[in-house]
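Here is the structure we will look at, set down as structure tokens.
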Amino acid sequence: MVNGHISSVTVQAHQQGDYAPVAGIFFMLAASAVFVGSDSVAKHLSATFVVAQILWARYTFHLLYLAALTKPRDYRRLIATRAGRLQFVRSASILTSSLCFYVALKHIPLATAAAISFIWPLVVTALSIPLLGERVGIRRWLAVFVGLGGALVIIRPGFGFFHWAVLMPLGTAFFYGLYQICTRKVSRVDSPQTSLFYTAVLGALVLNLATPFFWEAPDARDWMTMLGFGVLTISGQFLIIKALTLTPATILAPYGYVYLVFAGIAGFVVFGDIPDAFTIAGSLIITASGLFVYFRERVHARRSAVVKVPPER
């Protein structure tokens, strides 16, 4: 899922200097397509392997790639952290978020799982009050409830279409929202590279301890598929970082929702899943509410930069 890979850690990769908005947008769209590809591969693998083994491939290859790119003399600086406990909570949150999403992919269409999980910006808005001490106005609260309503349109509890797996993307959204909050805090004291390292290390450690209990021996083709899955995930992260070095995150954020379009196309082409009217309607509601929250935050931040403004009404 694109939202499961676009962390605010990578926002720090943005460099000062001239911007190339069009190029950055291109890289963001490419990243969405690549992440849809990786999630499609994960859904394909879930027909044969347990989710823990799929996640094992993702985190293990991620860690190996990061280790290969890091010079030995930089290891000490990479490991050094001033927020060990927060790094643990942050890394555990993204691991749990990914686990929920891949469990969902095993049972429900990619487009459905993606649409529900995209309420995460609304979760960030809600969690920012108790965890960051921020104030949220009535309009953004209304957008949160509208977005949750969009999720309920897709889930349709009590109407005979409910499947327990549709609850898993809600877990994805909650834990990814918590991950974003932790990332905001940890970014004040640790480098992006350090945060990426701890994310990879915790996931790889937990999954290498757990996976032997569920291991299904892959054949040569499965190993290549798992390697491809890891390469796609890493490539998507690279494209996100590249986009953020060229274009401010405030411009790129809305384009992340293109992932939902790509997910619908991939679900139909690869798996023969056709989104029903409820999934399409719910996706549009969630997208609209998320974009509203985003634009309200931009307006409020712009006003706050000029004068100290009271809370939103």
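The values are calculated or read from the model by the stated rules, or taken from the named source; none is laboratory data. None of the values given here were measured: they were computed from a predicted structure. Neighbour counts run over all protein chains shown; Cβ positions are idealised from the backbone, glycine included.
Of the residues in region 242-256, how many are in a helix (DSSP H, G or I) and buried (at least 21 other Cβ atoms within 10 Å of the Cβ)? Residues flagged as in a helix (DSSP H, G or I) and buried (at least 21 other Cβ atoms within 10 Å of the Cβ) within region 242-256 amount to 5. Within region 130-154, being buried (at least 17 other Cβ atoms within 10 Å of the Cβ), touching a residue at least 40 places away in the same chain (Cβ under 8 Å), closer than 20 Å to residue 282 by Cα and not small (Gly, Ala, Ser) holds for 140, 144, 146, 153, 154. The numbered conditions (1) in contact with a Phe, Trp or Tyr (Cβ under 7 Å, 6 or more places away or on another chain); (2) assigned to a helix (DSSP H, G or I); (3) over 14 Å from residue 61 (Cα atoms) are all true for residue 216 except (2). Looking at this structure, is residue 294 of a type in the set (Phe, Trp, Tyr), surrounded by fewer than 20 Cβ atoms within 10 Å (Cβ to Cβ), touching a residue at least 24 places away in the same chain (Cβ under 8 Å) and touching a helix residue (DSSP H, G or I) at 6+ places or on another chain (Cβ under 6 Å)? Yes, satisfied. Restricting region 44-79 to residues that are more than 16 Å from the chain's Cα centre (by Cα) and among the basic types (Lys, Arg), the residue that is nearest to residue 231 (Cα to Cα) is 71. Do we find that residue 136 is assigned to a helix (DSSP H, G or I) and not aromatic (Phe, Trp, Tyr) in this structure? Taking the combined requirement at face value, the residue does not satisfy it. Do the conditions hold for residue 127, that is, is it surrounded by fewer than 21 Cβ atoms within 10 Å (Cβ to Cβ), in a helix (DSSP H, G or I) and aliphatic (A, V, I, L, M)? Yes: the conditions hold for residue 127.
Residue-by-condition table, conditions (1) within 18 Å of the chain's Cα centre (by Cα); (2) surrounded by fewer than 18 Cβ atoms within 10 Å (Cβ to Cβ):
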residue	(1), (2)
173	yes, no
193	yes, yes
203	yes, no
221	no, yes
265	no, yes
269	no, yes
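Considering only residues that are surrounded by fewer than 21 Cβ atoms within 10 Å (Cβ to Cβ) and over 11 Å from residue 154 (Cβ atoms), which ones fall in region 271-291? Hits for region 271-291 are 271, 272, 273, 274, 287, 288, 291. Would you be able to tell me the number of residues in region 79-100 that are more than 27 Å from residue 168 (Cβ to Cβ), of a type outside the set (A, V, I, L, M) and touching a residue at least 12 places away in the same chain (Cβ under 8 Å)? Matching residues across region 79-100 total 2.
Considering the conditions (1) modelled with pLDDT under 95; (2) surrounded by fewer than 24 Cβ atoms within 10 Å (Cβ to Cβ); (3) assigned to a helix (DSSP H, G or I), residue 122 is excluded by exactly one of them, (2).
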